[in-house]
1. Looking at this structure, is residue 102 β-branched (Val, Ile, Thr) and under 29 Å from residue 279 (Cα atoms)?
2. Between residues in segment 234-249 that are in a loop (DSSP other than H, G, I, E, B) and residues that are β-branched (Val, Ile, Thr), which pairs lie under 8 Å by C-beta distance while being six or more apart or on different chains?
3. Take the conditions at pLDDT 90 or above and closer than 22 Å to residue 125 by Cβ and apply them to residue 12. Does it pass?
4. If I filter segment 227-240 for residues that are within 28 Å of residue 148 (Cβ to Cβ), surrounded by 15 or more Cβ atoms within 10 Å (Cβ to Cβ) and out of contact with any strand residue (DSSP E or B) (no Cβ under 8 Å at 6 or more places or on another chain), do I get at least one hit?
5. Quick check on this structure: which one of 219, 183 is modelled with pLDDT of 90 or more and of a type in the set (S, T, N, Q)?
6. Suppose we filter 42, 36, 21 for residues that are in a loop (DSSP other than H, G, I, E, B), surrounded by fewer than 18 Cβ atoms within 10 Å (Cβ to Cβ) and modelled with pLDDT of 90 or more; which single one remains?
7. Against the condition buried (at least 18 other Cβ atoms within 10 Å of the Cβ) and assigned to a loop (DSSP other than H, G, I, E, B), how does residue 147 come out, does it pass?
8. Can you name the strands (runs of 3 or more DSSP E) wholly within segment 46-124 that have at least 2 residues being among the aromatic types (Phe, Trp, Tyr), in the same structural domain as residue 188 (by TED's automatic domain parsing) and in contact with a strand residue (DSSP E or B) (Cβ under 6 Å, 6 or more places away or on another chain)?
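The values are calculated or read from the model by the stated rules, or taken from the named source; none is laboratory data. Here the structure is a predicted model, which means the values were calculated and not measured. Cβ placement follows ideal geometry from the backbone for every residue including glycine, while neighbour counts extend to all protein chains displayed.
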Amino acid sequence: MKIVTQDEFNDLWQAALGKDQVWTWQGHEGLRRLPQALGQGQRRLTVLREGLQLWVDDVVYDRPIHLDYVYQIPQLTLTFYLSGDFRIVNPGLAKEEDRSEVNGESCICYLPHVRSIEYYPAQQPLQRLILSVDLEFLRSYFPDPAFPLLIRQLLEGKPIDPFHQTFGIAARTLQPILQQILTCPYQGALRQMFLESKSLELLTLQLARWAKDEQQPTTQTRWKPQDLEKLERAKEILHCSIEYPPSLGELARQVGLNDCKLKQGFRQVFGTTVFGYLRACQMERAKQLLRETDLY
């Protein structure tokens, strides 16, 4: 199946824009439908107030997508993954440079002028909710020692490196809020007020969660023998599937671990990410082929 590259992706969107088939607006809310040449679905944008925007993506791509672009806007971004999984590489990040974003997880990131290489599989429902927060919006609540350290440094104007902070499976307190946003029954100003209040609630809970995690000492999971066997089995599968590797979700199902535990296990037991290990296997295989070629 032919992969959609960044150039083709841009061309298809530009063609749709030329036919006036992209954004439709009603008040502070816009709807952008995916061009039929890419698949089915839509992105909904709600401008809640100056400096605070809510995005909801709900798409299924017909073909695999391979994007390669640079983030331009220096915003804080909170993302909640509701279905689907895909791979992202942000070259140069000190932490989580090569990772998989999976159903049930969430993250906070600040990636100004950072390159993003993204791999989306075909025929997989992808649903995510994104909050874009301008720094000036957060500064209206600052200074506050309750904020996580990196956020405080960012708002103080101190030089910090771009970051991506992943959280595990979404806390139970988040799930009802996410569903209330997706199923908001109101229209007009009431809808705007409702979505803004729920978005601020999400922002508050995520910042509080991060700040709480900072105060707790890092502990290593004590892995059961059967889980260690499953992790070793996952390594074997990746090593034998270099050309056509399974997705993170498929790999987790094959070995009987959930996505989060598989990712955590690779980091703690093997000292690398799932995709980091796969990339190392692919590099080693490429070197082997070069050595074999040199023999002839």
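1. Here the answer is yes, as residue 102 does meet what is asked.
2. Going by the 8 Å Cβ cut-off, the qualifying pairs are 246/237.
3. yes
4. Applying the first criterion (within 28 Å of residue 148 (Cβ to Cβ)) to segment 227-240 yields none.
No, that holds for no residue.
5. 183
6. From the options 42, 36, 21, the qualifying one is 36.
7. yes
8. Hits in segment 46-124: 52-61, 76-83, 115-120.
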